[in-house]
Amino acid sequence: MDLLEFAKGPALQFAAFVLVAGTIWRIVGILMLNTKPDYSEPRKKAGYLAALKVIYTRAFTAPPFKKATMYPKMMAYVMHIGFFMTIFLFVPHIVFFEGWSGLDWPGLPNNVIYFVGVATVISAIALLVRRLTSPVLKLISNFDDYFSWFVTILPVVTGLLIPTRMLFSYQDLLAIHILSVALLLVWLPFGKLGHTFLVFITRGTTGMVFERRGART
Amino acid sequence: MSESHSDNGLESPFHGNVRPILNEVLHAVDRLLDSGETTTIDLAGLPFGPGELEHLESLLGTGEVTATLDALGESRIRETIYPGVWWLEHRNAHDEVVGRYIEIARTPGILSSQDADIIAGRARLGEQFA
Amino acid sequence: MNDLREEDSMKNRPTVGEILQAKGVSRRGFLKYCATTASLLALPPAMVPRIARALENARRPSVIWLSFQECTGCTESLTRSAAPTVEALIFDAISLDYHHTLQAAAGEQAEAARHAAMQENDGGYLVLVDGSIPTGNPGFSTIAGISNEQMLMETVAGAAAVVSIGTCASFGGIPGADPNPTGAVSVSDLVKDKPIINVPGCPPIPMVMTAVLTQFLTFGQLPELDKLGRPLAFYGQTIHDRCYRRPFYEQGKFAETFDDKGAKAGWCLYKLGCKGPTTYNACATTKWNAGTSFPIESGHPCLGCSQPQFWDKGGFYEPLSTARFGSKEQLAGAAIAGAALGVAAAVAGRRRQARYTKEA
């Protein structure tokens with residue numbers, strides 16, 4: 001079995017297993033916890049609508065903080081949007097998803113994806129630089145922050161290497177790329193990368209609590 | 001020969017090979033005029049798409065001179081519509097194409113008589129007087 | 001390796017130049033031969049004078065062709081080679097002293113010819129092999145009463161080099177595909193002490209086969225090889241990197257079925273299972289039938305036939321991106337395991353919560 005077959009086979013198999021098990025573990029583990037009793041009078045009846053509302057409104061910075069956070073916010077948007085565009089709008093990836101889901105959708109031309117990929121990497125580096133140079137961020141950043149950054153950006157970088165045919169053969173570059181994705185999937189449920197699915201629970205909870213208390217959502 | 005694909009909406013077959021080759025020919029002609037240097041472009045091994053080689057051949061066309069060489073099969077040599085630019089097609093004894101070249105020269109080298117052949121021929125000619 | 005033309009056994013043989021002259025081929029004809037040889041070897045036209053000098057001194061090597069577990073497609077392909085014609089190859093350029101399919105002699109006469117060639121040219125003959133060699137039971141494939149493995153080992157003992165023609169001889173091929181009932185192996189699995197060139201393909205492009213023989217003939221040496229023993233001149237690039245349909249791949253224009261608009265317009269065949277990106281061969285440039293076309297140009301995705309174990313790399317119509325991971329049962333198991341861990345974590349968490357609430 002060569003490296004590519006290992007990457008496409010057992011490595012991804014293992015990663016998929018850990019991803020599913022880990023994600024469900026965290027979600028069940030959190031949702032089954034007791035809610036803290038709130039002894040104040042409810043100002044408004046909070047329902048899931050409030051949860052959904054805040055999931056949406058948190059995408060936009062509250063006016064008092066807008067100016068101060070404009071730069072990292074923009075960088076983060078470029079990074080996230082670029083990241084998801086390269087994953088879901090690149091045709092070889094779409095073919096991969098079609099293989100196990102049966103769903104197909106149109107993609108973008110490869111050169112557009114390469115450009116978006118480069119933009120993703122640049123914005124990610126900009127955010128890392130900010131994390132390292134801002135005194136507050138530097139103080140509160142831990143291994144989780146840096147490692148999560150690394151495993152997220154590695155697949156984008158290894159993916160961009162493939163069309164260059166630099167350093168290794170096409171097969172080996174592809175294998176390294178798939179292995180880096182496996183690494184990302186294995187780490188994703190744990191640590192701060194878990195925000196991928198937890199962000200909806202946290203924002204939703206905030207929304208319900210705030211709504212009940214009559215705070216602005 | 002493969003049929004050209006009439007459904008693809010392209011007027012002439014384009015897969016990116018014709019223009020660079022014509023550009024190479026242009027530079028070779030410049031060199032020929034500057035210093036007399038000749039150039040041979042081997043058309044084998046270029047990733048032509050369907051119909052592209054034929055398109056290149058028709059763009060270069062046929063000029064004033066056409067020659068046939070009969071050695072180890074037929075070879076067809078002709079000057080294109082651009083003087084100094086020659087199209088050579090070598091075939092083997094079974095009339096299969098074994099080589100295609102564009103040669104930029106005053107005369108393609110293969111048309112010149114070779115010393116070894118001249119010497120052998122002179123010997124035969126001498127025997128006429130024996 | 002040394003220039004094989006220096007081998008003692010070769011010095012009595014006529015040179016190619018002498019043979020062509022004896023046949024009445026003019027110097028001009030010889031130069032045409034050299035020009036087309038340069039094309040064949042993927043060498044630039046500027047090399048023609050050097051090739052002419054080399055061929056003038058090149059002596060016809062003795063070639064022994066051994067056919068084992070094969071479909072004869074490689075021999076068929078070689079006999080369709082245009083440059084030079086196989087007759088020219090056999091009679092002028094090489095001395096094909098043994099080929100049990102093509103030769104006129106049979107039975108003991110044929111075996112005698114093989115042994116004579118081996119003895120006369122000891123140290124200087126080429127062995128060409130097509131077909132894989134069964135190791136499961138010597139009786140699976142025999143010629144003249146001896147097993148393929150025995151014939152191979154005794155024939156290569158005095159050879160200068162071995163050329164594995166086709167994917168079966170190079171990597172095991174069809175007989176070697178899962179479950180490999182005959183225990184088929186490649187030449188390089190058995191022969192360890194001789195230079196081996198692999199010329200894979202199912203079959204290999206005829207001109208590539210001739211080129212390898214011509215390279216040996218002209219320069220007396222083996223060509224530069226990649227890490228799978230294939231000549232870099234013909235197996236140095238993937239089909240994908242030289243395919244004329246590549247711009248469609250980059251633009252995202254793919255044929256989805258064999259008769260849709262995209263297929264008719266000649267779009268990329270990646271989604272139909274093309275193995276071009278992982279296949280090294282000269283099909284996209286040298287093409288087949290004297291440069292007429294190749295599978296992709298004819299509308300069919302590349303099978304990857306010059307790669308090891310290409311029969312066992314997933315389906316021919318399964319795109320390269322297809323994932324082969326996580327059976328549904330396995331992922332269901334993962335979900336259950338996760339849920340169990342989650343419940344356990346929640347129980348522990350609730351106990352801690354209760355403790356804090358009590359303390360408050």
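If the condition is being away from chain C (no Cβ under 14 Å) and more than 19 Å from A:Leu161 (Cβ to Cβ), then region A:82-111 contributes only A:Phe84. Residues that are of a type outside the set (S, T, N, Q) and in contact (Cβ under 8 Å) with a residue 12 or more places away in the chain within region B:61-72 comprise B:Gly61, B:Gly63, B:Glu64, B:Val65, B:Ala67, B:Leu69, B:Leu72, listed in sequence order.
In a residue-by-residue description of region B:95-104, the property of being closer than 21 Å to C:Ser26 by Cβ, out of contact with any Asp or Glu (no Cβ under 9 Å at 6 or more places or on another chain), more than 8 Å from chain C (Cβ to nearest Cβ) and buried (at least 18 other Cβ atoms within 10 Å of the Cβ) applies to at least one position.
Out of curiosity, is C:Thr257 more than 10 Å from chain A (Cβ to nearest Cβ), farther than 23 Å from C:Ala177 by Cβ, touching a residue at least 60 places away in the same chain (Cβ under 8 Å) and not in a helix (DSSP H, G or I)? Steps first, answer last, please.
Working: more than 10 Å from chain A (Cβ to nearest Cβ): yes; farther than 23 Å from C:Ala177 by Cβ: yes; touching a residue at least 60 places away in the same chain (Cβ under 8 Å): no; not in a helix (DSSP H, G or I): yes.
Judged against the criteria, C:Thr257 is not a match.
Considering region A:99-217, the qualifying helices (runs of 4 or more DSSP H), each wholly inside and each with 2 or more residues that are small (Gly, Ala, Ser) and within 21 Å of the chain's Cα centre (by Cα), run over A:110-133, A:143-164, A:170-187.
From the list C:Pro308, C:Pro277, which one is crowded, with 17+ Cβ neighbours inside 10 Å, within 17 Å of the chain's Cα centre (by Cα) and in a helix (DSSP H, G or I)?
Values: C:Pro308 fails: in a helix (DSSP H, G or I).
After ruling out the rest, the residue left standing is C:Pro277.
The single condition among (1) closer than 21 Å to A:Met75 by Cα; (2) modelled with pLDDT under 95 that A:Thr164 does not satisfy is (1). Residues of region B:83-130 that are farther than 19 Å from C:Thr37 by Cα and in contact with a Pro (Cβ under 7 Å, 6 or more places away or on another chain): B:Trp86 alone.
Residues are listed down the side, and each one gets a yes or a no for (1) away from every other protein chain (no Cβ under 12 Å); (2) in a helix (DSSP H, G or I); (3) closer than 26 Å to A:Ser169 by Cβ:
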| position | (1), (2), (3) |
| --- | --- |
| C:Ile197 | yes, no, yes |
| C:Cys202 | yes, no, yes |
| C:Thr210 | no, yes, no |
| C:Leu213 | yes, yes, no |
| C:Lys227 | no, no, yes |
| C:Ala233 | no, yes, yes |
| C:His240 | no, yes, yes |
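Checked against the criterion of being in contact with a Phe, Trp or Tyr (Cβ under 6 Å, 6 or more places away or on another chain), among the hydroxyl-bearing types (Ser, Thr, Tyr) and more than 17 Å from B:His15 (Cβ to Cβ), region C:228-237 contains one or more residues that satisfy it. Of the residues examined, B:Glu24 is not one that is more than 22 Å from C:Ser293 (Cβ to Cβ) and in a loop (DSSP other than H, G, I, E, B). Quick check, is C:Gly315 surrounded by 22 or more Cβ atoms within 10 Å (Cβ to Cβ), within 12 Å of chain A (Cβ to nearest Cβ) and part of a loop (DSSP other than H, G, I, E, B)? When the stated conditions are applied, C:Gly315 does not pass them. Of the residues making up region A:29-55, just one is at the interface with chain C (Cβ under 8 Å from one of its Cβ atoms) and buried (at least 19 other Cβ atoms within 10 Å of the Cβ), namely A:Gly29. Of the residues making up region A:1-20, those that are at the interface with another protein chain (Cβ under 7 Å from one of its Cβ atoms) and either in contact (Cβ under 8 Å) with a residue 12 or more places away in the chain or more than 24 Å from the chain's Cα centre (by Cα) (or both) are A:Lys8, A:Leu12, A:Ala16. Against the criterion of being within 12 Å of chain A (Cβ to nearest Cβ), among the polar types (S, T, N, Q) and assigned to a loop (DSSP other than H, G, I, E, B), C:Thr286 does not qualify.
Out of the residues in region B:81-97 that are among the charged types (D, E, K, R) and part of a strand (DSSP E or B), which is farthest from B:Leu32 (Cα to Cα)?
Applying the first criterion (among the charged types (D, E, K, R)) to region B:81-97 yields B:89, B:91, B:95-96.
Subsequent filtering for residues that are part of a strand (DSSP E or B) retains B:89, B:91.
Numbers: B:Glu89: 22, B:Arg91: 27 Å.
Among residues in region B:81-97 that are among the charged types (D, E, K, R) and part of a strand (DSSP E or B), the one farthest from B:Leu32 (Cα to Cα) is B:Arg91.
Taken residue by residue, region A:85-107 has no member that is more than 30 Å from C:Tyr317 (Cβ to Cβ), surrounded by 14 or more Cβ atoms within 10 Å (Cβ to Cβ), in contact (Cβ under 8 Å) with a residue 12 or more places away in the chain and not small (Gly, Ala, Ser). Between B:Arg100, B:Arg76, the distinction of being in contact with a Ser or Thr (Cβ under 7 Å, 6 or more places away or on another chain), assigned to a strand (DSSP E or B) and of a type in the set (Lys, Arg) belongs to B:Arg76 only. Just one of the listed residues (A:Tyr77, A:Tyr114) is more than 14 Å from every other protein chain (Cβ to nearest Cβ) and among the aromatic types (Phe, Trp, Tyr), namely A:Tyr77.
Could you please find all residues in region C:170-185 being under 11 Å from the mean Cα position of the chain (by Cα) and over 20 Å from C:Gln215 (Cα atoms)? Outline the logic, then answer.
First, pick out the residues of region C:170-185 that are under 11 Å from the mean Cα position of the chain (by Cα): C:170-173.
Passing the criteria: C:Phe171, C:Gly172, C:Gly173.
Just one of the listed residues (B:Ser75, B:Ser112) is over 16 Å from B:Val29 (Cα atoms), surrounded by 18 or more Cβ atoms within 10 Å (Cβ to Cβ) and without any contact (Cβ under 8 Å) to a residue 40 or more places away in the chain, and it is B:Ser75.
Taking only region C:27-65 into account, find how many residues are assigned to a loop (DSSP other than H, G, I, E, B) and in contact with a Leu (Cβ under 9 Å, 6 or more places away or on another chain).
3
The values are calculated or read from the model by the stated rules, or taken from the named source; none is laboratory data. Worth saying up front: this structure is predicted, and the values here are computed from it rather than measured. We place every Cβ from the backbone using ideal geometry, glycine too, and count neighbours over all the protein chains shown.
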